[in-house]
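Everything on this sheet refers to the single structure shown next.
The values are calculated or read from the model by the stated rules, or taken from the named source; none is laboratory data. Computed from a predicted structure; not experimentally measured. Note that we place each Cβ from the backbone using ideal geometry, even for glycine, and neighbour counts take in every protein chain shown.
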Amino acid sequence: MQALVVCGDDSECVRFVADHPDPTAAPGEVLIRVALAGVCATDLEIVRGYMHFAGVMGHEFVGTVVDGPEHLAGRRVVAEINCVCGQCDLCRHGLSNHCPNRTVLGIAGRDGAFAEFVAVPARNCHIVPDTITDQQAVFTEPLAERRVAVDELVTAVYPLAQGVEALAAAARPEHIKVLLQPGVA
Ligand SMILES: [Zn+2]
Ligand SMILES: [Zn+2]
């Protein structure tokens, strides 16, 4: 599959890979075909070595579940980015925010959404109502994080294959919100 991959050191090495292995959904996870993904400031930090994250970047996205339980299969979803184990003592006692096995999509220990497919825990998914477009839904995570009015954002959509150029565009000071679209030429 197509993917935008970062090396995890401070060499600012990020590259588009046309034939990255597809992710597989572990038990309790779903496989999502990414429709649109958003570039945010955290991604630009990651390119510079933040978190020493190595792998597929990206945590803001909307997509369709291609493999998962019945209530999610075929549905358009967004996903929470913090992935917890659900099984350790802290998770069992409702303290999953402190789960020692926690991974974060495209940020820590787990491949992200700048790719054609991403695997996330089923419990992280939220179904997107039909009345909300992909371009609106992709802002769910940044909106949950801090209040921004979608209408105030100027967006530029790049094919994922131009992901490196898109990251450069996102780093410019005009505050253009850059979106990535996998699977298109
Ligand atoms: Zn973000
Ligand atoms: Zn846990």
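Could you say which residue among ALA170, ALA185, ALA144 is in a loop (DSSP other than H, G, I, E, B), modelled with pLDDT under 90 and among the aliphatic types (A, V, I, L, M)?
Of ALA170, ALA185, ALA144, the one residue that is in a loop (DSSP other than H, G, I, E, B), modelled with pLDDT under 90 and among the aliphatic types (A, V, I, L, M) is ALA185.
Considering ASP67, ASP111, which residue is modelled with pLDDT of 95 or more, more than 16 Å from ligand 2 (Cβ to nearest atom) and crowded, with 18+ Cβ neighbours inside 10 Å?
ASP111
Residues of segment 70-107 that are within 16 Å of ligand 2 (Cβ to nearest atom), among the basic types (Lys, Arg) and under 25 Å from ALA137 (Cα atoms): ARG102 alone.
Residues in segment 115-136 that are in a loop (DSSP other than H, G, I, E, B) and surrounded by fewer than 17 Cβ atoms within 10 Å (Cβ to Cβ): PRO129, ASP130, THR131, ILE132, THR133. Restricting attention to segment 25-48 and to residues that are more than 24 Å from PRO69 (Cβ to Cβ) and acidic (Asp, Glu), the residue that is surrounded by the most Cβ atoms within 10 Å (Cβ to Cβ) turns out to be ASP43.
Checked against (1) within 16 Å of ligand 2 (Cβ to nearest atom); (2) in contact with a helix residue (DSSP H, G or I) (Cβ under 8 Å, 6 or more places away or on another chain), PRO27 passes all but condition (2).
I want to confirm something. Restricting to segment 79-92 and keeping residues that are surrounded by fewer than 23 Cβ atoms within 10 Å (Cβ to Cβ) and either within 13 Å of ligand 1 (Cβ to nearest atom) or of a type in the set (A, V, I, L, M, F, W, C) (or both), which single residue is farthest from GLU116 (Cα to Cα)? Applying the filter and picking the extreme gives LEU90. Here VAL62 fits the description: within 16 Å of ligand 1 (Cβ to nearest atom) and modelled with pLDDT of 95 or more.
Of the strands (runs of 3 or more DSSP E) lying entirely inside segment 42-106, those containing at least 2 residues that are farther than 15 Å from VAL5 by Cα and aliphatic (A, V, I, L, M) span 60-67, 76-79.
Does GLU60 satisfy being closer than 19 Å to VAL184 by Cα and either within 12 Å of the chain's Cα centre (by Cα) or of a type in the set (Val, Ile, Thr) (or both)? Criteria met by GLU60. The residue pairs whose first member lies in segment 48-69 and is of a type in the set (S, T, N, Q), whose second member is more than 16 Å from ligand 1 (Cβ to nearest atom) and assigned to a strand (DSSP E or B), and whose beta carbons are closer than 9 Å, counting only pairs six or more residues apart or on different chains, are THR64/ILE32; THR64/ARG33; THR64/ALA35; THR64/ARG76; THR64/VAL77. Being charged (D, E, K, R) and without any contact (Cβ under 8 Å) to a residue 24 or more places away in the chain is a property that holds for ARG102. Among residues of segment 7-24 being out of contact with any helix residue (DSSP H, G or I) (no Cβ under 6 Å at 6 or more places or on another chain) and among the aliphatic types (A, V, I, L, M), the one that is surrounded by the most Cβ atoms within 10 Å (Cβ to Cβ) is VAL17.
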